[in-house]
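The values are calculated or read from the model by the stated rules, or taken from the named source; none is laboratory data. All of these numbers come straight from a predicted model, not from anything done at the bench. Every residue, glycine as well, gets a Cβ built from its backbone with ideal geometry; the counts of neighbours run over all protein chains shown. When the accessible area is computed, the model is the full protein with side chains, heavy atoms only, and any ligands, DNA or RNA have been set aside. Shrake-Rupley method; radii C 1.70, N 1.55, O 1.52, S 1.80 Å.
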Amino acid sequence: MAEFVQRRIEDRIPELQQLERVGLFTPKEIKSVIKKVTALEYKIKRRSVTKADFINYVQYEINFLELLKRRRTRIGYSFKKGEIDYSIVQRIHGLFYRATNKWKDDLQLWMSHVAFCKKWNCKLELSKTFSSLLAVHADKPGLWIMAAKWEMEDQLSSESARLLFLRGLRFHPESPKVYEEYFRMELMNAEKQRKEKADLEKAKMDIGEAEYSEEILSGGLARVVYKSAIQKIKGAAFHLSLLSIAKMFDFTQDLQKEILDDLQAVHAQDPLMWDFMARQELETESPSSSEYTSKQGKALDVGRKEQRCGAVYEAALEAVQTATMWDLYINFCLERFKRKTNSKELQQQRRERLFSAFRGADEARLLSEEKCAEWISRLVASGESASAVDVAAAATKRFSGSVALWLLRLELLIQEKRSVVAEVFEEAFRDVGGRDLLPLWTLRVEWSEKRGDHPDATEALYQKAILAPVQTVSKTMKEKYLDWAFRTKGYKKAKKVFSSLHECRPFSEEFFQNMIEIEKGQESCEMQNLREYYERALREFGAVKPGLWLDYIKEELRHPEGRPENCSALHWRAMKTLEGDNVELFISQYTLLQAGHV
């Protein structure tokens, strides 16, 4: 092993001597470099070599290159720059090759080599790296796309890019992304050749007969890719993605028309196709007339376009009566409704169309839960609270398990001061089950407090809530009950509530912390009470909450009635009780406390 290391070090001596001779490095620095490189070489020659050894070596060489670059710039000396940099770069390539050969599955290692090749413009090495990478990771379509784009954009080789895409499609015959990028590449190649031909014609040069094929110039190869793609991959979304790519090029009008015709023929039952066709009406050009020079004229024009969009959507709903189609129509109406306009007529037109869409979907029983909530919110914002209440009542019957809709309905009833609020709460608790009950309980107790119910009635609600079988509800409502007791009836009531609940599990840490804060807020804060609260909290959370132990210790140290001599006993108990990483966390915090940093 030593012989191989020595030989590699000796191979570096000429370049190091040259660096010393030109003043880029001092003799002391050269010795340091040799020492460091020797250590790195021995590490990668060991039997139990690790990936980190190679990465460290590569990083050292890259840093060395960067340092050379900065020093040359500083002194303005570049003699034999190419020879020295070339040897270092080749060594880095060699390290990468050895590492990727040993850890073939490590994609990050491969990508680091790719990034290095691109940064230092090592085109030949990058081509080799991509070949090796794709041989090992052929199952990743993104790598085929990356390699092909490099050939097309950096190497300016459309033929190599095409071959890579074709090879990639053999491994991924149903990959939408590969087809999309292949389609884009062929259109880019056609555009590039069209520009070249135009420049030659402008210069009045003879371009010959066979140099530029009309089939390629018109996007013929892209059309072949498109035809193959739609045979392999179904769905209007993919079809539309190809159309959006074609629209980026100004010579593809015929291809766009062909794609659009196929889209309408093949995907006549797909809501996405209808949504696209409807929105196309917004992009139609307005007639060049003086009628549209004023703001009012522009509003009229926009209104007509939106009417045409609505007509397409209505035709779509006759052909495709699905929840998805209604959602797309409502989304369109919402987008247009939210757009600002100074025209009251246009705004009213948008509003009527939106509410008509909501009603139509509801009558067809295809209105989604999300859109129900949106409808209610829009009615409230428009000042139609009575209608919103009716819609909310119907929505909670249809989506009886939706806590969001129940909350909307209850908030509306509370706002309207309806007398049926209590009954609707009971109905909601029956229909909504499990963990979703917490927002309902929270709203109910807040409503009881705000409307000024007798304290006994509010307390009865809290006592009923804390008995809920769902832990999240029970825990949270205990915290709120304690807070309510302190706010409305003071310290004695809060302490009474705490005493009545301290054996009623489950608890949250906040329940105990709140009581501790209440006690500490009293003028006559008794340490005996704090000890009781901390002890009860530690009984529940002592194994996982090092902060509780530290707070307890701080109280003993800082409270006028505290006993600092108890701290050692508390420390011993904490070390016995805490588990896992919490022990180390407690030790570090306790050390800081002793040093006076906490």
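Okay, here's what the table says:
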| item | result |
| --- | --- |
| Positions within segment 8-26 being within 13 Å of K81 (Cα to Cα), touching a Leu at 6+ places or on another chain (Cβ under 9 Å) and of a type outside the set (A, V, I, L, M), in sequence order | Q18 |
| Selection count, segment 1-39, where residues are under 20 Å from E66 (Cα atoms) and aliphatic (A, V, I, L, M) | 9 |
| Which listed residue, of Q90, Q108, Q59, is open to solvent by 40 Å² or more (accessible area, probe 1.4 Å), within 17 Å of E15 (Cβ to Cβ) and polar (S, T, N, Q) | Q90 |
| Residue within segment 114-137 that is of a type in the set (S, T, N, Q), touching a Cys at 6+ places or on another chain (Cβ under 8 Å) and farther than 28 Å from K247 by Cβ present | yes |
| All positions within segment 488-499 that are part of a helix (DSSP H, G or I) and either under 25 Å from K450 (Cα atoms) or open to solvent by less than 30 Å² (accessible area, probe 1.4 Å) (or both) | T488, K489, Y491, K492, K493, A494, K495, K496, V497, F498 |
| Meets criteria (closer than 30 Å to K257 by Cα, modelled with pLDDT under 95, open to solvent by 30 Å² or more (accessible area, probe 1.4 Å) and among the acidic types (D, E)) for E291 | no |
| Among (1) open to solvent by 70 Å² or more (accessible area, probe 1.4 Å); (2) assigned to a helix (DSSP H, G or I); (3) out of contact with any Cys (no Cβ under 7 Å at 6 or more places or on another chain), the one test that P560 misses | (2) |
| Residue match in segment 1-19 (condition: part of a loop (DSSP other than H, G, I, E, B) and either among the β-branched types (V, I, T) or more than 27 Å from A115 (Cα to Cα) (or both)) | yes |
| Qualifying positions in segment 319-332 - among the β-branched types (V, I, T), open to solvent by less than 40 Å² (accessible area, probe 1.4 Å) and in a helix (DSSP H, G or I) | I330 |
| Sole exception among (1) closer than 26 Å to Q280 by Cβ; (2) open to solvent by less than 10 Å² (accessible area, probe 1.4 Å); (3) of a type in the set (G, A, S) for G168, by number | (1) |
| Of all residues making up segment 226-268, the number that are of a type in the set (F, W, Y) and in a helix (DSSP H, G or I) | 2 |
| Residue that is nearest to A388 (Cα to Cα) [pool: residues in segment 428-449 that are open to solvent by 60 Å² or more (accessible area, probe 1.4 Å) and acidic (D, E)] | D431 |
| Single residue of segment 333-349 satisfying the filter (among the hydrophobic types (A, V, I, L, M, F, W, C) and within 18 Å of S377 (Cβ to Cβ)) that is surrounded by the most Cβ atoms within 10 Å (Cβ to Cβ) | C333 |
| Filtered residue count, segment 94-150, keeping only those that are over 25 Å from E181 (Cα atoms), in a helix (DSSP H, G or I) and charged (D, E, K, R) | 2 |
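The rows are residues; the columns are (1) under 22 Å from F355 (Cα atoms); (2) open to solvent by less than 50 Å² (accessible area, probe 1.4 Å); (3) touching a residue at least 60 places away in the same chain (Cβ under 8 Å); (4) touching a His at 6+ places or on another chain (Cβ under 9 Å).
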position	(1), (2), (3), (4)
Q253	no, no, no, no
A268	no, yes, no, no
Q280	no, yes, no, no
E283	no, no, no, no
Q307	yes, no, no, no
L317	yes, yes, no, no
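Here's the yes/no breakdown for (1) at pLDDT 95 or above; (2) touching a Leu at 6+ places or on another chain (Cβ under 9 Å); (3) open to solvent by less than 40 Å² (accessible area, probe 1.4 Å); (4) among the hydroxyl-bearing types (S, T, Y):
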position	(1), (2), (3), (4)
F512	no, yes, yes, no
M527	no, no, yes, no
E535	no, no, no, no
K545	no, yes, no, no
